[in-house]
Amino acid sequence: MGNCFSGDGHGKFAVGGTSSAPDTQGRNEAVDNFLKSRGYNGLFYQIELSLSASNLRDRDVLSKSDPIAVVYIKGKDGSFQELGRTEVILNSLNPQWITKVKVTYCFEMVQTLVFRVYDVDTQFHGPEGKTLKLDDQQYLGECTCHLSEIITHPKRSWTTDLLSIAESTESTRPKKLGQFTVYAEVEIVSKTAAELTFRCSDLENKDYFSKSDPFLVISKHVASGATVPICRTEVLKNNLKPEWKPIFINTSQVGSKDSPLIIECFNFNSNGKHDMLGKAEKSLAELEKLSSSKQGESLYLPITIGKDHQTKVLKSQLFVEKYFESVHHTFLDYFFGGCELNFMVAIDFTASNGNPRLPDSLHYIDYSGRPNAYQKAIQEVGGVLQFYDHDKLFPAWGFGARPIDGPVSHCFNLNGSNGNNSAVAGIEGIMTAYAQALSNVSLAGPTLFGHVITAAATIASQSMATDDHKYFVLLIITDGVITDLQETMDALVKASDLPLSILIVGVGGADFKEMEILDADKGERLQSSTGRVASRDIVQFVPFRDVQGGEMSVAQSLLAELPSQFLTYMRNNGIQPKAKLPTT
């Protein structure tokens, strides 16, 4: 949460977030911390599910069924974890439950939900639903869906048949036992963020051979009495009268506009022992008044004399040059408004992958069902993104191969067609086209990215021109070091202005250091051969070997930055969600 350093890099680490995008996601911090402790560092939203059913089976003799709904999330190992239960509704075959069930939505994961409905026996009426033993109740049916299916539905709702899985066998179809409807809402949080530009005057010089290198840390008080940092500025070198880049603070981060904030000014030291230059305590409301009055607030230092804790007022002053409040929509707001993520894929067919017919090849297809690294990356990343692409027609290319009786191509349609007809139907369509292409082309080289990036950028540019409200995601899977680094950087810098992000998976044992140059995670934006700097970071690179067998999947590692890249593009271009959304 909060903001990060935006300076020129001194090994200075962020409290979290980015300086251009406030935290507006209304997170459950306990859930966030739990997930992060297990390696999940992506985007989380708390979703409330409202449940209803119709035409349920009547299992009672003298009255109607008394239904309760139970929600589970299904793990990778097939285990079920209960998320919550509704209340029991008496004598109803068309229940609309009041109790909401909460689930943490994780963009980078495919989350499978299972809904089961039971008829509660009369003898168990009275106790809370969460204490009921479900084995003692009559099973009325169940259904399964992915949370992303609900989130991306135009009406945020999903209706399907309840089925009697328990009563079905391999030779019989599950019985239909009524309908079940789920409606999703994001927990309401403030979307109002304050943009503040701070400056200081007359700071104390703490360095011997130069001036102080000041930065600010803004913290809030928590219930335990401790303080928790929520954002910080960049470091400004050799400056006793600094003015920092704007920072953003969401009102829900701090409690309210009247909640006190601690603003501390430090002199940066590379050993991590930063010198305190002064502090002040002001609420957002008070900082707004400082901005309008153009007056400064004197900084102070806490001092101890004997057993007494006192403050020393300093000559240094804090000014708020700018205070501006605005509404910042969340990642999900755009999809609730009908926005799409369109998935594209490009596969490396260079000879360094090895002969596809041999088991040691990276392209070897094991027909016993075990996917190779290329197939696994497509399945995992495509499995997440497919729900955000309405028509599920995915452009798919290959590069670095020689089609039959043709020259080496660095961007050919995976489906074997010519021209612009590169789309295939669904993830299975990509998998089928990939397998067929291995039989129809000769692996060659070298490894060039520029052509496929340009092809993806062309599609994104055409969509941008027609205002389609779409954002494109290109997955490149490669086994080697690229030989057109500068051309690739030129293409990426040009593409940074488009609604496009590029995910790169490195498979095999090659040295992928050059890929890390493309992934500007260290804060240095890409620069083209003409000196133009990328308007934003659009690349995320992950070596497959680094995540294989680990707790995080390829998709989680690759997609972690996508929401912030998406929001940066939307905000930089002033694009609002199509549907009118609440701003509180």
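The values are calculated or read from the model by the stated rules, or taken from the named source; none is laboratory data. Note that the structure is predicted; figures quoted are calculated from it, not measured. Cβ: placed from backbone, ideal geometry, glycine included. Neighbour counts: every protein chain shown. Side chains are part of the model used for accessible areas, which takes the heavy atoms of the whole protein and leaves out ligands, DNA and RNA. Shrake-Rupley method; radii C 1.70, N 1.55, O 1.52, S 1.80 Å.
Labels on offer are (i) 1.17; (ii) 1.03; (iii) 0.97, and the one holding Rg/Rh (Cα atoms, Kirkwood Rh) computed from this structure is (ii).
I need the calculated FRET efficiency for the pair Ser417 and Lys307, taking r as the beta carbon distance and R₀ as 56 Å, to the nearest 0.05. Could the numbers behind the result be given before it?
Details: r = 83 Å, r/R0 = 1.48.
Efficiency, rounded to the nearest 0.05: 0.10.
Between the beta carbons of Lys76 and Asp360, assuming R0 = 25 Å, the FRET efficiency works out to 0.35 to the nearest 0.05.
Order Tyr374, Tyr118 by their accessible area, 1.4 angstrom probe, all chains in place, largest first.
Correct descending sequence by accessible area is Tyr118, Tyr374.
Compare the peptides 452-460, 384-392 by average per-residue count of other Cβ atoms within 10 angstrom and give them in order, highest first. The partial results should precede the final answer.
Numbers: 452-460: 22.1, 384-392: 19.0.
With the highest mean Cβ count within 10 Å placed first, the list reads 452-460, 384-392.
Using a 1.4 angstrom probe on heavy atoms only, work out the carbon and sulfur share of the accessible area of segment 340-573 in %. Summing carbon and sulfur atoms, their accessible area is 49 percent of the total for segment 340-573.
Taking only the Cα atoms of segment 290-347, the ratio Rg/Rh comes out at 1.43, with Rh defined as the Kirkwood radius. Taking all protein chains into account, the per residue accessible area for segment 192-327 stands at 51 Å² (1.4 Å probe). Pairs of lysines in segment 340-573 whose Cα atoms sit within less than 23 Å of one another amount to 7, provided the residues are eight or more positions apart or on different chains.
Under a point spin-label approximation (7 Å from Cα along Cα-to-Cβ), what is the Gln462-Thr483 distance to one decimal in nm? Rounded to a tenth, the inter-label distance reads 3.0 nm.
Can you give the extra length, in nm with one decimal, that the chain gains between Ser259 and Thr530 once fully stretched, where that is 0.36 nm per residue apart less the Cα-Cα distance? Present the calculation step by step, with values, prior to reporting the outcome.
Numbers: separation 271, 0.36 × 271 = 97.56 nm, distance 4.84 nm.
Fully extending the segment from Ser259 to Thr530 adds 92.7 nm.
Full extension of the chain segment joining Asn238 with Ser292 gains 16.6 nm, where the gain is 0.36 nm per residue of separation less the Cα-Cα distance.
Dimensions of segment 192-327 from C-alpha coordinates, computed as largest minus smallest value along each principal axis and given longest first, are 44, 35, 30 Å.
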